[in-house]
């Protein structure tokens, strides 16, 4: 990996801009790597407007922008990291109540991939998060024409 940078989509609110989606990019000699993709919660109206304007989900539009720019810059491939290789897939953080009733983040224990579990529901939540990441990344990769290649979804430009 040569470097990394975020690519963000923003939408205008009432006199302010809010991030509604983000791709984190990395680079190899002949490839741009989309290291992670994330939409922002609570911004559905802005996401819907962009989807209506582009005819596709915002993340897919952003992936296509990366592909076009990568090709223009002479890169041979764009790769999307598979979710199983991402830090937050292995070590998710979940906001939830601690035994004292206070809302705090449940942070995975380093190296174990397990979360502090006070009420027995966290393990289920971790599975739901991971399955959701696999569905989302897989759907974007499939709809944008990527194939599986090791730790990545890969598209030749």
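Coordinate-derived values only; no laboratory data. Keep in mind the model is a prediction, meaning the values are calculated, not measured. Cβ coordinates were reconstructed from backbone atoms using ideal geometry, including for glycine residues, and neighbour counts include every protein chain displayed.
Side notes on the structure shown:
- Here the residues 59, 34, 148, 129, ranked from fewest to most Cβ neighbours within 10 Å of their Cβ, fall in the order 148, 129, 59, 34.
- Fewest-first sequence of 137, 152 by Cβ atoms within 10 Å of each Cβ: 152, 137
- Potential lengthening between residue 30 and residue 87 on full extension [0.36 nm per residue; Cα-Cα distance subtracted]: 18.1 nm
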